[in-house]
Amino acid sequence: MEHLRLSQTGLWIVKIGSSLVTAGGSGIDRAALDGWAAQIAALKRRKVNVVLVSSGAIAEGLSRLGWTERPTALNQLQAAAAVGQMGLAQAYEQAFAPHGITTAQILLTHDDLRHRTRYLNARSTLNTLLAHGIVPIINENDTVTTDEIKLGDNDTLGALVANLLDADLLAILTDQRGLYDSDPRRNPDARFIPRIAADHPDLENMAGGAGTGVGTGGMYTKVLAAKRAAQSGAATVVASGRETDVLLRLHRDEAVGTLFGGSVSRVNARKQWLAGQLRVCGHVTVDAGAASALCEQHRSLLPVGCTEVRGQFLRGDLIAVCDDTGREIARGLSNYSSSDTEKILRTAPRDIAAKLGYAHEDELIHRNNLVLSPARKEHP
C-alpha cells in the first residue's frame, strides 16, 4: 500500500451521514453544518476542491412532517425525501454564505452514473462548477429512485462520484471512529485499525452489519465504498464527523479515522483500466506533431492534430490513436462522437464551438483518459 499525504491532494469527495446532518434524527443540525462549511472554506483556501455528498433529506423530512419513526412504505419515504431536500439545500446554502461560497444542488441516481451520456454530462457539469469555485452538494434522488432508499447507500454514491471525477480522496464522515477488527459495540476488546489496504481480503468480515436507525448504512457499506473508490485510485478515510476540525486535521496528515489506501496511484489505476480494455470502437489518425505531443510530452490529444476518423463511436467510447503509418500509439476515451470528430479535424480548440454549435472540451482525449500503447500494427 503506497504512502499517501492528504496535504498534497487536490480533490476531495466528502460524504456526511444522516445521523450527523440531522443530530441523530431530530432535524438539521445547523451548528454542525456551519462547522463543516468553515472547514471546507479553509480547505478551498488551501487549494483543495470539495464535493459534498450529503445524506439527511429523508431524516429532515421525517422531522418536518412530525413522523417519529421511519416508514417502510415507498411513497411515504419519497414524500419525506421531497420535503426534507428543500430544508437540506437551504441549510447548506446558509451555512456557506458567510464564507462567500456558492453552493449547487445535484440529485443523482445510479442510472445517471451508469448511462454513458448522462455520466459524461454529470462529470462536465461538476467540473464546471468546481472551476467556478462552487461547492456541489450531491444527494441520491430519493424522490424517484427505489433501490437507494432501501439500501440508504450514499456511501456507494460517494465512491461513484469519486470515480466520476478522478478524486484523490473519499472522506466518509460518520458517527463511528472508523474500522475495528470486530464490532466494538459487542466486543470490548475490538482493535481499532488506523490504516488498511482497500483490497485486504478480510475487510468485509471486519465491517459487520448495519449502524444506526437514522441512516441505514453501516460500516459494511463504507468498506465496499472504499473498495469501489480504489478502482480509480482514490483513497478513502472513514472518520467520526464529531471530531473537532476533522477535515482540517486530515489535511494536516494527522492520523484521524481509518485510511483505506489503494495498491496503486490514482493515475496508474486509471491507466491500467484503460490499458486492459480489449475492444476499441474506432480510430483517429494524427500527424507527426500530435504523435510527438502524446508520446514524448505526455500531452492531451487536440482535434487540431487529427487528420482522419475511422469507425463509429460515441462520446465516452474507447478509441485508438494511430500515427500516419497506421501504428497504434495510444488509446483513450473520446470527448466527441465520430461524426462530430469528423467535423473538427484540424480544428483549434477556440474554433470547436463555431463548427459544432457547442464545445464539450478543448481536447478530443484528455491525457488523464489516455494511455500509450505498445507498438503494434493495426489491421482495421
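The values are calculated or read from the model by the stated rules, or taken from the named source; none is laboratory data. These figures come from a predicted structure and were not determined experimentally. Counting neighbours? That spans all protein chains shown, and the Cβs are built from the backbone with ideal geometry, glycine included.
Take the residues of segment 44-70 that are polar (S, T, N, Q) and closer than 28 Å to Gln8 by Cα: which is surrounded by the fewest Cβ atoms within 10 Å (Cβ to Cβ)? Checking each candidate, the answer is Asn49. For first residues located in segment 350-365 and within 18 Å of Phe313 (Cβ to Cβ), partners that are in a helix (DSSP H, G or I) and basic (Lys, Arg) and lie 6+ apart or on another chain with Cβ distances below 8 Å form the pairs Leu356/Lys343.
Residues in segment 283-298 that are at pLDDT 95 or above and outside any helix (DSSP H, G or I) were compared, and the one that is farthest from Ile365 (Cα to Cα) is Asp287.
Restricting segment 161-180 to residues that are closer than 14 Å to Ser55 by Cβ and touching a Gly at 6+ places or on another chain (Cβ under 8 Å), the residue that is surrounded by the fewest Cβ atoms within 10 Å (Cβ to Cβ) is Asp175.
Just name the residue that is modelled with the lowest pLDDT out of those in segment 333-358 that are under 23 Å from the mean Cα position of the chain (by Cα) and either loosely packed, with under 15 Cβ neighbours inside 10 Å or not aromatic (Phe, Trp, Tyr) (or both). Working first, answer last.
Step one: list which residues in segment 333-358 are under 23 Å from the mean Cα position of the chain (by Cα), which gives 333-336.
Okay, now just the ones that are also either loosely packed, with under 15 Cβ neighbours inside 10 Å or not aromatic (Phe, Trp, Tyr) (or both), so 333-335.
Numbers: Leu333: 89, Ser334: 93, Asn335: 92.
The residue in question is Leu333.
Look at Thr72 and say whether it is more than 26 Å from the chain's Cα centre (by Cα) and either of a type in the set (Ser, Thr, Tyr) or closer than 21 Å to Leu126 by Cβ (or both). Yes: the conditions hold for Thr72. Cβ separations smaller than 9 Å between residues 6+ apart or across chains give the following pairs from segment 185-200 residues that are over 15 Å from Arg228 (Cβ atoms) to residues that are surrounded by 11 or more Cβ atoms within 10 Å (Cβ to Cβ) and of a type in the set (Lys, Arg): Phe192/Arg177. For Leu278, state whether it is of a type in the set (A, V, I, L, M) and at pLDDT 65 or above. So Leu278 does not fit the description; no. The listed residues are Ala73, Ala82, Ala89, and the only one of them that is of a type in the set (A, V, I, L, M), surrounded by fewer than 18 Cβ atoms within 10 Å (Cβ to Cβ) and at pLDDT 90 or above turns out to be Ala82.
Would you point out which residue out of Ala23, Ala41 is among the small types (Gly, Ala, Ser), at pLDDT 95 or above and surrounded by fewer than 24 Cβ atoms within 10 Å (Cβ to Cβ)? Before the answer, list the steps.
Working: Ala23 fails: at pLDDT 95 or above.
Just a single option satisfies the conditions, and that option is Ala41.
Scan segment 55-68 and tell me whether some residue there is part of a loop (DSSP other than H, G, I, E, B), out of contact with any Phe, Trp or Tyr (no Cβ under 8 Å at 6 or more places or on another chain), among the acidic types (Asp, Glu) and assigned by TED's automatic domain parsing to the domain that holds Ile137. No - not one qualifying residue is present in segment 55-68. Whenever a residue of segment 292-307 is assigned by TED's automatic domain parsing to the domain that holds Asp351 and loosely packed, with under 15 Cβ neighbours inside 10 Å, its partners that are part of a helix (DSSP H, G or I) and at pLDDT below 95, lying with C-beta atoms within less than 8 angstrom and at least six residues away or across chains, give the pairs His298/Arg367. Under the condition of being crowded, with 20+ Cβ neighbours inside 10 Å, under 27 Å from Leu165 (Cβ atoms) and of a type in the set (A, V, I, L, M), the residues counted in segment 308-332 number 4.
Do we have any residue at all in segment 17-33 that's among the acidic types (Asp, Glu) and either more than 18 Å from Leu247 (Cα to Cα) or outside any loop (DSSP other than H, G, I, E, B) (or both)? Within segment 17-33 (the criterion being among the acidic types (Asp, Glu) and either more than 18 Å from Leu247 (Cα to Cα) or outside any loop (DSSP other than H, G, I, E, B) (or both)), the answer is no, since none of the residues qualifies.
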